[in-house]
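Heads up: the structure comes next, in structure tokens.
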Amino acid sequence: MIYTVTTSPSLDLIMQLPSNLAVGQINRVVHEELRPGGKGINISIMLHNLGVTSTAFGFVAGFSGDELMRLTAALGVKTGFLRVRRGRTRINVRLKEDSQPGQTSINGLGPEVSSDDIAYLVRKIAKLTAEDYLVLAGMVPPSLPQDIYSTFFESLSERPQLSRPKVIVDAPAEQFKYVLKYGPFLLKPNLKELETYFNTELADAKSVLDACAKLQQEGARNILVSLGKHGAIFLDEYKNSYRIAAPGGNLCDKTGAGDSMIAGFLADYQVSHTLESAAYMAVAAGSATATTAGIADKNKVMELRAQMKDHSDWGESLI
């Protein structure tokens, strides 16, 4: 079984404006949509779309927490959310303007999580076995200890290595110091996160691959670096490296694209047990969501996967 953890899930209110945002004025939208948000939840949604069962963990509270659970369940995701007493699940606003690429994001606050709440989730995680996969995804909100991912790893480290679940981490660069020493099965930074962690610009494929090698020295087993329209670079635990080009398509909404990469990787790997195959599926899934409004469906993912050539091309610059 695959378990995803989102320490700060959200309701995302996407609002489409007919023109540029008029600051200080009344703005009326032409379309709006309410979606469950948070990296782990997005991963579970994509896994469901790919026909794979997972359970989404996270802390929720208040009326917004009720709606988050309802929307997530409606999308077919099995949930194991923990309800906390104080505060509310954060509400994020995403403003899209017809004349501007991308979006303006305003992120809300999350609930207040107690030490007892954390201990309860830790006990659930400690029960996972070698047959399971655990995905730690996203930022850690200020209301939680910043080393909470270390706490999750520690709950597993009391058992022999072969009896522990495989742990996948998709988190900001500031979390690397808490997780690398535990040897995560997969680390998935994007290019910006990799540059932030090493405090240097990575302008070509070789420099990215060198940075991946350093992450392996610090403990990560497999590293998948998402490069947006340039695809990904993957370094596996056997020192095999791959430069994977993204299949074609016009960017629609990149929200959830990196999360979809994790889902694609896991959906493939738990069947094929082949790291290379999983990495290619990861890029196909990420590209599918980037060229779709919302999280892509299986047909879109498989259509793009069929377009990809399974070979590495190290000839192009990243910029």
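Taking 0.36 nm per intervening residue step and subtracting the Cα-Cα distance, what contour gain separates Thr129 from Ile26 on full extension?
Values: separation 103, 0.36 × 103 = 37.08 nm, distance 5.32 nm.
Length gained, Thr129 through Ile26: 31.8 nm.
Equivalent ellipsoid semi-axes for the chain, as square roots of 5 times the alpha carbon gyration tensor eigenvalues: give them largest first, rounded to whole Å.
Details: eigenvalues 158, 138, 68 Å².
Working from the Cα gyration tensor, I get semi-axes of 28, 26, 18 Å.
Starting with the highest mean, order 75-82, 255-262, 11-18, 194-201 by the number of other Cβ atoms within 10 Å, averaged over the residues of each peptide.
On the way: 75-82: 16.9, 255-262: 27.1, 11-18: 19.0, 194-201: 15.2.
Put in order of decreasing packing, that is 255-262, 11-18, 75-82, 194-201.
Tell me the Kirkwood radius of segment 245-307: reciprocal of the mean inverse pair distance over distinct alpha-carbon atoms, in Å. List each step's numbers first, then the result.
Values: mean 1/r = 0.0904 Å⁻¹.
One decimal place: 11.1 Å for the Kirkwood radius.
First measure r as the distance between the Cβ atoms of Ser19 and Glu158, then evaluate 1/(1 + (r/R0)^6) with R0 = 41 Å and state the FRET efficiency to the nearest 0.05.
On the way: r = 58 Å, r/R0 = 1.40.
For Ser19 and Glu158, the calculated efficiency is 0.10.
Send over the per residue convex hull volume for segment 21-115, Cα only, as a whole number of Å³. Please report the intermediate quantities before stating the final value.
On the way: hull volume 12.5 nm³, N = 95.
Convex hull volume per residue, Cα atoms: 132 Å³.
Over the alpha-carbon set of segment 142-189, divide Rg by the Kirkwood Rh and report the Rg/Rh ratio to two decimals.
My calculation of the ratio gives 0.96.
Quick one: compute the contact order of segment 36-177, relative version, from alpha carbon pairs under 8 angstrom and 6+ residues apart, as a percent. Provide the component values of the computation, followed by the final result.
Values: 199 pairs, mean separation 27.3, N = 142.
RCO, segment 36-177: 19 percent.
What's the whole-number percent of alpha carbon pairs in segment 91-140 lying beyond 19 angstrom? All intermediate terms of the calculation are to be shown ahead of the outcome.
Details: 692 of 1225 pairs.
Of all Cα-Cα distances in segment 91-140, 56 percent exceed 19 Å.
As an exercise, use a Förster radius of 30 Å and the Cβ-Cβ distance of Gln217 and Ala293 to find the FRET efficiency, rounded to the nearest 0.05.
Values: r = 40 Å, r/R0 = 1.35.
With R0 = 30 Å, the Cβ-Cβ based efficiency is 0.15.
Using the structure shown, list the pairs from Lys181/Lys298; Lys214/Lys298; Lys78/Lys188 with a Cα-Cα distance above 31 Å, or answer none. Don't skip to the answer; put the middle values down first.
Numbers: Lys181/Lys298 35 Å; Lys214/Lys298 35 Å; Lys78/Lys188 24 Å.
Violating the 31 Å limit, Cα to Cα: Lys181/Lys298; Lys214/Lys298.
Please give the FRET efficiency for Phe198 paired with Gln146, using the beta carbon to beta carbon distance and R0 = 30 Å, rounded to the nearest 0.05. If you can, show how the numbers build up before the last one.
Details: r = 20 Å, r/R0 = 0.67.
Efficiency for this residue pair is about 0.90.
Using just the alpha carbons, could you tell me how many Å³ per residue the convex hull of segment 142-237 encloses?
Here the figure is 102 Å³ per residue.
Return the loop-located chymotrypsin sites (Phe, Trp or Tyr not before Pro) in segment 223-302 (DSSP other than H, G, I, E, B) with at most 14 other Cβ atoms within 10 Å of their own Cβ; answer none if there are none.
Values: sites: Phe234, Tyr238, Tyr242, Phe265, Tyr269, Tyr280; in loops: Tyr238.
In loop regions of segment 223-302 (DSSP not H, G, I, E or B), the sparsely surrounded chymotrypsin sites (Phe, Trp or Tyr not before Pro) are Tyr238.
Any chance you could get the radius of gyration and Dmax over the Cα atoms of segment 175-297, in Å?
Reported Rg and Dmax, both Å: 13.8, 39.
Values quoted throughout were computed directly from the atomic coordinates according to the rules given, and no laboratory measurement underlies them. Worth saying up front: this structure is predicted, and the values here are computed from it rather than measured. Here the Cβ is made from the backbone with ideal geometry for all residues, glycine too, and neighbour counts use every protein chain on show.
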